[in-house]
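Here's the structure we're looking at; comments come further down.
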Amino acid sequence: MNPRRKKRLFAVVAVIFGIGSAVGLTLYALQENINLFYTPSELIEGKGPEKELPYIGQKLRIGGMVVPGSVDRVETSLDVTFKLIDTGPMVTIKYHGILPDLFREGQGIVAQGTLVEPNVIEAFEVLAKHDEEYMPAEIAEAVKGIKHEKPKYNLNSEN
């Protein structure tokens, strides 16, 4: 092999190695920030066709409905325990903090946390879902008496 080809081959190998190293280091750095979303059924029974289960200590997000009667608050601290359900098994969520204003039994929530047992998640964030009909109280009060009427004029017409 002549020196020019050797030089070119070395350059190509170096570029491929550099790109591979950069991609590998990026994925390693982002590994801690990747949170997969599960439903309670997927958490217990497995996700996808391979029925892949998360491992203990894995960060994840879980969404479902808060089971009525399952919310247990500790009087002397901000610790709260409740159960989530979708269409299958229940999962227990342990949370330390102030719950969102929209949190209530029978309401949909998303919790982000760490799997500590096969069916128990220690959450560090709880988000309450709301429907698309949500309106802040001030605006709801302001529009309470307003009747919606169709405009009498057409903006597209040239009158």
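Residue 22 - would you say it is more than 28 Å from the chain's Cα centre (by Cα) and open to solvent by less than 90 Å² (accessible area, probe 1.4 Å)?
no
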Subset of segment 67-101, residues open to solvent by less than 30 Å² (accessible area, probe 1.4 Å) and of a type in the set (Lys, Arg), comes to none
Result of the Cβ filter at 8 Å on segment 1-22, keeping first residues that are part of a helix (DSSP H, G or I) and partners that are of a type outside the set (Asp, Glu) and surrounded by fewer than 10 Cβ atoms within 10 Å (Cβ to Cβ), at least 6 apart or interchain, is 9/1
inquiry  = One residue is enough: does segment 102-125 have a residue meeting the conditions open to solvent by 70 Å² or more (accessible area, probe 1.4 Å) and of a type in the set (Ser, Thr, Tyr)?
reply    = no
#### Entry: Condition check for residue 56: open to solvent by 70 Å² or more (accessible area, probe 1.4 Å), in the same structural domain as residue 93 (by the TED database), within 15 Å of residue 123 (Cα to Cα) and among the aliphatic types (A, V, I, L, M)
yes
Quick count over segment 68-91, residues being without any contact (Cβ under 8 Å) to a residue 40 or more places away in the chain and closer than 19 Å to residue 45 by Cα, is 1
Looking across segment 23-60 at residues that are among the hydroxyl-bearing types (Ser, Thr, Tyr) and outside any helix (DSSP H, G or I), the single one that is nearest to residue 83 (Cα to Cα) is 39
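The values are calculated or read from the model by the stated rules, or taken from the named source; none is laboratory data. These numbers come from a predicted model, not from an experiment. All Cβ positions, glycine included, derive from the backbone under ideal geometry; neighbour counts span all protein chains shown. Please note that ligands, DNA and RNA were not included when accessible areas were found on the heavy atoms of the full protein model with its side chains. Shrake-Rupley method; radii C 1.70, N 1.55, O 1.52, S 1.80 Å.
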